[in-house]
Amino acid sequence: MNYLNLFLPIFEHYSLLAYFFVLAGSFLESFVFLGIIVPGTTLLVAAGFLASQGFFHLGVLFILSLLGAVLGDNLSFYLGNHSEKLFKPDSRVFKLIYLERGKNFFAKHGNYSVFLARFIGPLRPIVPFVAGISGMDRKKFTLYNILSAILWSGGYLFLGYFFGRAWQAVSVWSTRLSVIFFWLAVFLAVFFILKWLFIKKGKSVLKFFISLLISIGEGIKDNQDVQSFFAHHPVLAGFLKKRFDRTKFSGLTLTFLALLLIYAVSSFVGTVKDVFINGSILSVDLSLANLLHAFRNPLLVKIFLWVTLLGKWEVVLSVIVVTTVIFWLRDKKNYVVPFFVSVTGSSVMGLVGKYIWQRPRPLEVAVYLEKSWSFPSQHAILAVSLYGFLVYFFWKYFKRWKNRMNALFFGFLVVVFVGFSRLYLGVHYLSDVWAGYMIGFFWLLISIGLVEFKDKSKIEELDENDEDGKEDEIIKAKPNVNFITVAMLCLLAAGYIAYGLKYKPVFSQGVEEENIHKIDTAKAEEIFTEYKLPKFTETLLGNPQEPFSFIIVADNDNQLIESFQRAGWFLADSVNLNSLLTTFKFEVLNKAYPTAPITPYFWQTDTNDFGFEEPTEVNSARYRHHARFWRTDSTTDSGKNIYVGVASLDMGVKWWGITHKIKPDIDSERDYLFKALSNAVVVENYSKEQFVDPVLGKNFTGDQFFTDGKVYVIFLK
């Protein structure tokens, strides 16, 4: 199964609807005020990426995004031409001073501002509207609007398309470890960019939307039809008025919390239904588990074992004790009971859920063994209910916007990585983690409600002058309290590290240490059935492709390499930047590069250990015979090593020289390599046996292949 299709089915099965989303996204991002919250630019980059993968036609995307942008800007311009009456001295959003500033701005920079605003997110949906209000000439506006829309649409689509091609290069030449580190780096880069944007611009944007919502509410309240309706329904009017009362907990605060509680409950119930009633999510659970298993790596396993410790009861209990003491020392006793409600309530609910549903763990892909049931994930529950409550506390505790944002984003990172660690280590399914998140979120909201109710807090508009000028309460605390707090936090960190160094889970077979299997020398091919090894090579994402065509028994690596060299085959260079650039140079010049690196294949999550190649009669880096071989964990009873491999013939390059195109008949190349080894007199004996059923398929670059499924079992001299 193609995992990209699995996670993005809407683009495969509903392509026309997806094109409509691109058109609508471009239009709405250019529409006055609404465009501030519509991620049209992100949508274009994503669409360009998908076009590089064959989901969309790049030309159609360009036309639709250009059309949407131009229409959105022109409608905003038209509305601006007819909207001066919206600006009133007492308006919170449409202030007269904005109108005067807009007119002065366009008197000086009108033409260029329309062009440049297209590339500045917050100004993109505002400038066309203000241009209309300011009386800018429509012909000039249209000219600069179209020019900027062309560059905007083409630029961001090409950025996504280029990124997609770069991803193809990464996926072709990278190991799975480097690929997953690449995506982790991308995630962290986006994470820190968003955090920086929220710190710099988040408060002003939030103030704007609060002001906008207030203005909308005032407009609705002043509408004669609305007033007439509520005059005939006073009970409903009184109920709604209380629900939006910002001065009482039972008003807007309770309304907001209730809506979030409804979402958490409905999402959890929907997940239970999808898992245990209709089973619609099971295929996603299994596919993601297998995908992450394919990207399993010892280094990342160690990293995520440390992350997952944050949800172990030993660490959780330590965090609870230290947090409770600090609450007490810093005179925050009103947080203690809600804190325990959040953690205890969610934990008990999670344990009850495990007992009710008794879902088995995904043992086949698990790094280590867990004794409890799988659904829901207790780690995910505690990640939200425990660490989420600490984030809420710091949000209340800190007064500076920057510190609040840092606490919020750091907490989000902890929650995401704890949940992902459970998936990467193979001890939970995706639905387990999501259900755990929803349980934790439910109890977190309950505890927040208790704090807000007890404090009788009011929702206040953020005021940069008031809040940013205040110092955080940590600074005001007594020196001895600060010392005790720091000492306890250091002790907690030391305990976490000590526990992590001591922690030794019961690993699944083959995870903790490498097992060497022995097999009868005369039955080397039976390693696949004896030890249930996969008979097919794998793509980057773990999908099967060409079956093995060789099983070779040799004394050691040196004998294998020397035998190929005697047959006239070269050992391929390792994959690095220098060898890749050299390959590309010789492909362009159409010259020979006998030891050019070979695109890596995967088997049991590992790339091939050896690559061998022989130039064709064309004597060019574009055409070559090549074979990939893996060193197995098996030896014969006589102490010889067993290797497995597959051969194919490169018939040219594709994707701008990123990789080669193979000849579909891989059996001919199998026989060609066997003949070369036989002629070199390095084969002691051999047999040709039926290995798998005949196969017609495609490799990970989309090249078709066919084979009768037979394998050569070769014993080298």
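State, to one decimal in nm, how far the label point of Phe182 lies from the label point of Lys207, with both points 7 Å from Cα in the Cβ direction.
Output for this residue pair reads 4.3 nm.
What distance in nm separates the simple spin-label points at Leu151 and Ala493, each placed 7 Å from Cα in the Cβ direction?
Spacing of the two 7 Å Cα→Cβ label points: 4.8 nm.
Report the Rg/Rh value for the stretch 281-358, based on alpha-carbon coordinates and the Kirkwood definition of Rh.
Radius of gyration relative to Kirkwood radius: 1.13.
Using 20 Å as the cut-off for backbone N distance, which residues of the stretch 420-450 belong to the label zone defined by a point 7 Å from the Cα of Ala258 along Cα→Cβ?
442-450
Between Trp357 and Glu314, what is the FRET efficiency for a Förster distance of 25 Å, r being their Cβ-Cβ separation, to the nearest 0.05?
0.45
Let me see the pair-distance distribution of the stretch 658-717: every alpha carbon pair, 5 Å bin width, integer percents in order.
4, 16, 22, 20, 16, 12, 8, 1
Could you list which residues have their amide H under 5 Å from that of Phe550, counting only those 5 or more apart in sequence or on another chain, with H placed in the peptide plane?
Gly645, Tyr712
R0 = 35 Å: FRET efficiency of Thr605 with Ser266, Cβ-based, nearest 0.05?
Between Thr605 and Ser266 the formula returns 0.40.
Measure off 7 Å from each Cα along the Cα-to-Cβ vector at Leu571 and Val486, then give the distance between these two points in nanometres to one decimal.
About 5.6 nm, to one decimal.
Which of the peptides 410-423, 297-310, 371-384 is most tightly packed, and how do the rest follow, judged by the mean count of other Cβ atoms within 10 Å per residue?
371-384, 410-423, 297-310
Can you flag which of Lys241/Lys333; Lys661/Lys710; Lys195/Lys454; Lys371/Lys504 are past 26 Å Cα-Cα?
Lys241/Lys333; Lys195/Lys454
Return the carbon/sulfur percentage of the accessible area of the stretch 617-717, one whole number, probe 1.4 Å, all protein chains in place.
50 percent
Order these peptides, 484-493, 436-445, 694-703, by their mean beta-carbon neighbour count within 10 angstrom, highest first.
436-445, 694-703, 484-493
Using the heavy atoms of the protein chains and a 1.4 angstrom probe, tell me the accessible area per residue for the stretch 608-717 in square angstrom.
In whole numbers, the stretch 608-717 has 43 Å² accessible per residue.
Can you give me the long-range amide H partners of Ala592? Hydrogens built in the peptide plane at 1.01 Å from N, cutoff under 5 Å, separation of 5 or more residues or another chain.
For Ala592, whose amide H was placed from the backbone, the distant partners under 5 Å are Ala621.
Mind jotting down a quarter of the surface of the convex hull over the alpha carbons of the stretch 561-647, in square nanometres, one decimal?
6.4 nm²
Step through the residues of the stretch 486-494 one at a time and calculate ³J(HN,Hα) from phi using the Karplus curve (6.51 cos²θ - 1.76 cosθ + 1.60, θ = phi - 60°), rounding each to whole Hz and writing x for Gly and Pro.
5, 4, 5, 5, 5, 5, 4, 5, 5
The values are calculated or read from the model by the stated rules, or taken from the named source; none is laboratory data. Since the model is a prediction, treat every value here as computed from it, not as a measurement. No Cβ is skipped: glycine too gets one built from the backbone with ideal geometry, and neighbour counts run over all protein chains shown. Quick note on the areas: whole protein, heavy atoms, side chains included, nothing else; ligands and nucleic acids left out. Shrake-Rupley method; radii C 1.70, N 1.55, O 1.52, S 1.80 Å.
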